[in-house]
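Novice: Please read through the structure below; I'll follow up with questions.
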Amino acid sequence: MNLKQAFVKNFLGKSPTWFKWTIVSFLILNPVLLLILGDISVDSDGQKSGINGPFIVGWILILEFIFCLAMALKCYPLQPGGLLAIEAVALGLTSPKSVYDETLMNFPVIMLLMFMVAGIYFMKELLLFTFTKILLSVRSKIVLSFLFSLVAAVLSAFLDALTVTAVIITVAYGFYGVYHKVASGKTFDQTHNILDENEDQFSEDTKQELESFKSFLRSLMMHGAVGTALGGVCTIVGEPQNLLIAKVANWEFIEFFLRMAPISMPVLVVGLITCILLEKFKFFGFGSELSSKVRKVLEEYDESQSQARTKQDIAKLWVQAGTGVFLVIALGLHIAEVGIIGLTVIVIATAFTGIVEEHKLGHAFEEALPFTSLLVVFFAIVAVIHDQHLFSPVIQWVLTLEGTVQTSAFYLANGFLSMISDNVFVATVYIGEVKQALDSGQINRETFDLLAVAINTGTNIPSVATPNGQAAFLFLLTSALAPVINLSYARMVWMALPYTITMSITGLLAVIYLL
């Protein structure tokens, strides 16, 4: 191997060669296009058309970044997406200050990821204990899926979607780890990294059982993830943009809930019905049952854990339960930023369970920090959207409409843009434009309230279509669990499709007839 081949082999590591060259071609194409198109595109009469080179390259950059997200199982999106973000700054599509400002505006989300996800890690024994009991006591997959979706929705309404997603990821990873230990010939108390295991060594029967279990967990994860969106739209604390919109509109907790209810409640009902139908008719990759062999392993695990549980272990469970109660109350009352509450959870949960070594604390942050880094890269792409005004044509067109047509258009526009961008950013841009229109007298307060509801529901409901539409979905896609259960970008889009259709249409009809 010569030095050139070594550089090629090192670039993006074990990613497929075609993917490496695709990223290189993106990095070459963007500056060339920017140079060819120039600063301003002109029409046949020599007049400025209003669509310039950076605008076009900005949209191409978004599509390239979405491609990186779609290939998350081939290569973690931080590196290829980060290279695109660095190039965007170098080409002047955005600036370091804009990236910093965008990151600073979303600092509460970053704190949430750093501390809340780590806090959930220190409650994993309680979560696995609780959900194992639920899984083993509920034998109907339809009822279990309904419960996962409903519980995720209720928790997301009072906590936040990312926290709930972290919980269900921890639970699913724990379930899979238990069975995987048995399948690989290990005992329950032997620890190992699931990702390092070579499943090719398993027997054919074990492989089939494993694939069935992966499918079972995939469906539960998707039901839970969609559940976070169903509940997240309902209250101020459900999603970051909800709080932003509530502040601009000057709505309190109850008023916000009541204003969203004409749309959020019908969507919740339809979403739960969709969950039941998908499991009943086994459409779109749903419907896999928990096999008797896997159930037996989980029952044996539960029994062995019960027998081996010491007084000290029981005391830890009580501490984690108390910490969980504090978490729910603190988040429900919003006594502090979510990240601060997460840090408090870490302190309490570790102090009273004896986890005081630095290396043991470090494991809790391994899951969230790569995603936190990816999110900052994502904010760099959002900064390009902001600086190049990529969404402005859509916003200006929607503001020219009136009445029900306008609110419907706001709902659809926010939904579409959230699918390809970030729902927090889309909501920020739209609510800012609407507030400006209110302050200038272009619209009255009643119209502003209706449009604010359309913006919030639009950014929350149709955005389930893609993993980049919601931070919780993106977190799931880039988590350690996703490659383990073969949950790719394309599979998430496919499994979310029926939810996207039923929930988006219900939301639109509610905007037209109930709002």
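The values are calculated or read from the model by the stated rules, or taken from the named source; none is laboratory data. Here the structure is a predicted model, which is why all the values come from computation and not from measurement. Virtual Cβ from ideal backbone geometry, glycine too; neighbours counted across all protein chains shown. When the accessible area is computed, the model is the full protein with side chains, heavy atoms only, and any ligands, DNA or RNA have been set aside. Shrake-Rupley method; radii C 1.70, N 1.55, O 1.52, S 1.80 Å.
Novice: If Thr478 satisfies every condition in (1) closer than 26 Å to Glu255 by Cβ; (2) modelled with pLDDT under 85; (3) of a type in the set (Val, Ile, Thr) but one, which is the exception?
Specialist: (1)
Novice: Quick check on region 363-397: of everything there that is among the small types (Gly, Ala, Ser) and under 17 Å from Ala166 (Cα atoms), which residue is surrounded by the most Cβ atoms within 10 Å (Cβ to Cβ)?
Specialist: That would be Ala368.
Novice: Give region 364-420 a look and list any residue that's of a type in the set (Asp, Glu) and closer than 17 Å to Ala471 by Cα, or say none.
Specialist: Within region 364-420, Glu367 is the sole residue that qualifies.
Novice: Let me ask another. Would you check which residues across region 285-318 are open to solvent by less than 60 Å² (accessible area, probe 1.4 Å) and over 25 Å from Asp205 (Cβ atoms) and list them?
Specialist: Hits for region 285-318 are Ser306, Asp313, Ala315, Leu317.
Novice: Next question, about the same structure. Only one residue in Val426, Val511 is modelled with pLDDT under 85 and open to solvent by less than 10 Å² (accessible area, probe 1.4 Å). Which one?
Specialist: The unique qualifying residue is Val426.
Novice: Residues that are at pLDDT below 85 and either open to solvent by less than 10 Å² (accessible area, probe 1.4 Å) or not charged (D, E, K, R) (or both): does region 444-463 have at least one?
Specialist: Checked against the condition, which is being at pLDDT below 85 and either open to solvent by less than 10 Å² (accessible area, probe 1.4 Å) or not charged (D, E, K, R) (or both), region 444-463 yields no hits at all.
Novice: Within region 95-141, count every residue that is open to solvent by 60 Å² or more (accessible area, probe 1.4 Å), at pLDDT 85 or above and over 21 Å from the mean Cα position of the chain (by Cα).
Specialist: Summing the residues that are open to solvent by 60 Å² or more (accessible area, probe 1.4 Å), at pLDDT 85 or above and over 21 Å from the mean Cα position of the chain (by Cα) in region 95-141 gives 6.
Novice: Could you tell me how many of the residues in region 103-158 are touching a residue at least 12 places away in the same chain (Cβ under 8 Å), of a type in the set (Val, Ile, Thr) and more than 16 Å from Leu369 (Cβ to Cβ)?
Specialist: Here the count works out to 5.
A quick yes/no check of all residues on (1) over 15 Å from Thr132 (Cα atoms); (2) at pLDDT below 70; (3) not polar (S, T, N, Q):
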{"site": "Phe148", "(1), (2), (3)": "no, no, yes"}
{"site": "Val154", "(1), (2), (3)": "yes, no, yes"}
{"site": "Ala157", "(1), (2), (3)": "yes, no, yes"}
{"site": "Ala161", "(1), (2), (3)": "yes, no, yes"}
{"site": "Val182", "(1), (2), (3)": "yes, no, yes"}
{"site": "Asn193", "(1), (2), (3)": "yes, yes, no"}
{"site": "Glu209", "(1), (2), (3)": "yes, no, yes"}
{"site": "Ser212", "(1), (2), (3)": "yes, no, no"}
